[in-house]
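Everything on this sheet refers to the single structure shown next.
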Amino acid sequence: MLIAAVVAPASAQDMLSPKPLAGWVDELRFGVQAYDVDYAALPFRVGEWDLSRIENVSFDVLFTTPDLDAFRWIGSPRPELGATINFGGHESLTHLGLTWQLPIFDTPIYLEGTLGAAAHTGYNQGAPAGTKNFGCSVNFYERYGIGTKLGDNATATLSYEHTSNNDWCDANDGLSNFGLRVGWKF
């Protein structure tokens, strides 16, 4: 009985500390986004964005950069796995990619870019009005962002994510979402 009283708090403390994920998970992120702010891959038409539909929640796991020459050669990106879930009856995404982060001088501010692929829950062709014809089941995925470190373990990143197929399939309705992701670094 005495042993259980001593071991239980220690086990609970280990479960709550970030140590079990350290070494292979670098950061966990959670965010909210406006759905379908634009169709374009690059966020140039900001004045025309529709930010009225805050319908998405995003989750991302950014893994520690593998200690491989190939990753160092391409700038040491972090592999990432994520999902954008739409609660407004529209398309959701799961994505896999590589994320590069570039610090802005000696400040907590950084620029970020992700390249990869995304699968969607929408239509490839024949979509009802108000939904997308993605053309392919798996499309390109890009995300651009500007963020800041909020301390040793927290980040906040404004991000623009886009998926489309570069006209490689019969249809190519692009989808771009914009929002804020808050992260916890390990």
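Key figures
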read-out	value
Selection status of Thr107, surrounded by fewer than 19 Cβ atoms within 10 Å (Cβ to Cβ), under 12 Å from the mean Cα position of the chain (by Cα), farther than 21 Å from Val46 by Cα and β-branched (Val, Ile, Thr)	no
Lone unmet requirement of (1) open to solvent by 70 Å² or more (accessible area, probe 1.4 Å); (2) in a strand (DSSP E or B) for Ala129	(2)
Near pairs, Cβ below 7 angstrom, 6+ apart or cross-chain, from the range 175-186 (surrounded by fewer than 20 Cβ atoms within 10 Å (Cβ to Cβ)) to any residue that is not in a strand (DSSP E or B) and not polar (S, T, N, Q)	Phe186/Pro18; Phe186/Leu21; Phe186/Ala22
Matching option when the condition is modelled with pLDDT of 95 or more, among the aliphatic types (A, V, I, L, M) and under 17 Å from Ala41 (Cα atoms), among Ala117, Ala154	Ala117
Residue within the range 92-103 that is farther than 18 Å from Gly31 by Cβ and loosely packed, with under 12 Cβ neighbours inside 10 Å present	yes
Given (1) more than 28 Å from Cys169 (Cα to Cα); (2) among the β-branched types (Val, Ile, Thr); (3) open to solvent by 70 Å² or more (accessible area, probe 1.4 Å), index of the condition Thr121 fails	(1)
Search result, residues across the range 120-157 that are farther than 19 Å from Tyr39 by Cβ and either touching a residue at least 60 places away in the same chain (Cβ under 8 Å) or of a type in the set (A, V, I, L, M) (or both)	Ile146, Leu150, Asn153, Ala154, Thr155, Ala156, Thr157
Meets criteria (among the aromatic types (Phe, Trp, Tyr) and closer than 30 Å to Gly130 by Cα) for Tyr110	no
Pairs where the first residue, in the range 17-35, is on the phi > 0 side of the Ramachandran plot and the second is modelled with pLDDT of 95 or more and of a type in the set (S, T, N, Q), C-beta under 7 Å, 6+ apart	Gly23/Thr64
Test: Gly113 is touching a Cys at 6+ places or on another chain (Cβ under 9 Å) and not aliphatic (A, V, I, L, M)	no
Positions within the range 85-99 being assigned to a loop (DSSP other than H, G, I, E, B) and in contact (Cβ under 8 Å) with a residue 12 or more places away in the chain, in sequence order	Phe87, Gly88, His90, Glu91, Ser92
Residue match in the range 64-81 (condition: in a strand (DSSP E or B), within 23 Å of Leu28 (Cα to Cα), among the hydrophobic types (A, V, I, L, M, F, W, C) and open to solvent by less than 40 Å² (accessible area, probe 1.4 Å))	no
Total residues in the range 132-171, condition in a strand (DSSP E or B) and of a type in the set (Gly, Ala, Ser)	6
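The values are calculated or read from the model by the stated rules, or taken from the named source; none is laboratory data. Quick caveat, the model's predicted, so the values are computed rather than measured. Cβ sites come from the backbone with ideal geometry, for glycine too, and all protein chains shown count toward neighbours. Ligands, DNA and RNA are stripped out before the accessible areas are found, and what is left, the full protein with its side chains, is counted by its heavy atoms. Shrake-Rupley method; radii C 1.70, N 1.55, O 1.52, S 1.80 Å.
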